[in-house]
Amino acid sequence: MERLPPLNAVRTFEVAARTSSFTLAAAELGVSSAAVSQQIRNLESWFGKQLFVRSGNRIALTDAGHAIYPQTARALGDIAAIGRRMLEGTLRTRLVVSVPFSLAELWLAPRLAELLDAFPQMAIDIRVEDDPVDIARQNIDLRISYGDYHYPGLRMVRLVHDDVLPVCAPEFWDRHGGAADLADLHESQFIHTNWGPNYASHPSWADWFSASGQNHSPDASHGRRVGLSSLAIASARLGLGVALGQRVMARTDLDAGRLIALSSVSVRLGHPYCAFIPPAKADRADVAGLVELLAKAAPATCGQVGAPLDRA
């Protein structure tokens, strides 16, 4: 057998690369940060290559680190799969899907209902969580994420490149829509989505007004602020104001008349929503069926899926 690198160090490298942090890697592995650093040094010594650039408490993969990470993640995932099969005695049929909070109810749930029509006996486990997710350790079959830059060791399929447009309840517009233009609405009537500290590419009301040819920026401190895209849709549906809603989430409410679009002008999100699939699971009928349903669920005005990209 060919000489193998130290497996503990390989596992430590995979976690550190995925989390971009020795501290987070230490927490996940249940060891100290110093132990993580030592394992990385051992692996760098074995390869004769520097795998991380260190700057204070921050780390980033070097070119050598980027080169070995996809195969490392895939190999560890395969080893984990072998362990599960030996312990369980058979392959399970449960579909484990991991999804961000905003997409779970308004986008994923209706698609799952369609999937169950084709697979009525299927057991499904929906896990609602933010990136990064340990897909191998948690035995996840399909991860849906915002952006195509996550999980380089997995197969990636672009599902939809969503856009946002102003929406509100018809009753709200009847009460407050006397103005000829959205810019004439009082700032308190705008619903703002706080995407959180990890995101900087989502469009704001200022971006939408700019796209519509107006120089206007409603002050978020005077309006309604929510922490989820789905909550912005729900708030608009309840008549709490005008939301800059994501089209794929608002689609059902728009079709049912619970929401109305106040303009045809929309602004595209900074990144597409993508599915990440362990290569060994990409050909499973339930996984492939759900990916196909999610890709087809995009409204015609949104960017749709292209060919799957196998980046492993």
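Quick one: order ARG225, ARG284, ARG111, ARG94 from most to least accessible surface, probe 1.4 Å.
ARG225, ARG94, ARG284, ARG111
Separation between the ASP174 and ASN57 pseudo-spin-labels, each 7 Å from Cα along Cα→Cβ, expressed in nm?
My value for the distance between the label points is 5.4 nm.
Mind listing the long-range amide H neighbours of ARG225? Cut-off is under 5 Å, sequence gap 5 or more, other chains count too, H placed in the peptide plane at 1.01 Å from N.
Here HIS192 satisfy the definition.
Tally the DSSP beta bridges in the chain and give the antiparallel ones as a percent, rounded to 5.
70
Can you tell me which of ASN194, ASN215, ASN139 moves the most in a GNM of the chain? Springs connect C-alpha atoms under 10 Å apart.
Maximum among the listed residues: ASN215.
Once you order the gyration tensor axes a ≥ b ≥ c over the Cα atoms, which shape class does region 200-276 get: rounded for a/c under 1.5, otherwise prolate or oblate by comparing a/b with b/c?
Since a/c stays below 1.5, the shape of region 200-276 is classed as rounded.
Hydropathy first: keep DSSP H helices in the chain averaging at least -1.0 on Kyte-Doolittle, then drop any whose Cα extent along the axis falls short of 27 Å, and list what survives.
63-88
Run through the DSSP bridge list for region 122-259 and note the antiparallel percent, rounded to the nearest 5.
Taking every DSSP beta bridge within region 122-259, about 45 percent pair in antiparallel fashion.
Given H placed on each backbone N at 1.01 Å, which residues far from ILE124 in sequence or on other chains put an amide H within less than 5 Å of it?
LEU95
What list of whole percents do you get for P(r) of region 23-160, with Cα-Cα distances grouped in 5 Å bins up to the one holding the largest distance?
2, 8, 13, 17, 19, 15, 11, 7, 4, 3, 0
The values are calculated or read from the model by the stated rules, or taken from the named source; none is laboratory data. Since this is a predicted model, take the numbers as computed values, not measurements. Glycine also receives a Cβ, built like all others from the backbone with ideal geometry; neighbour counts cover every protein chain displayed. Keep in mind that these areas ignore ligands, DNA and RNA; they rest on the heavy atoms of the full protein, side chains included. Shrake-Rupley method; radii C 1.70, N 1.55, O 1.52, S 1.80 Å.
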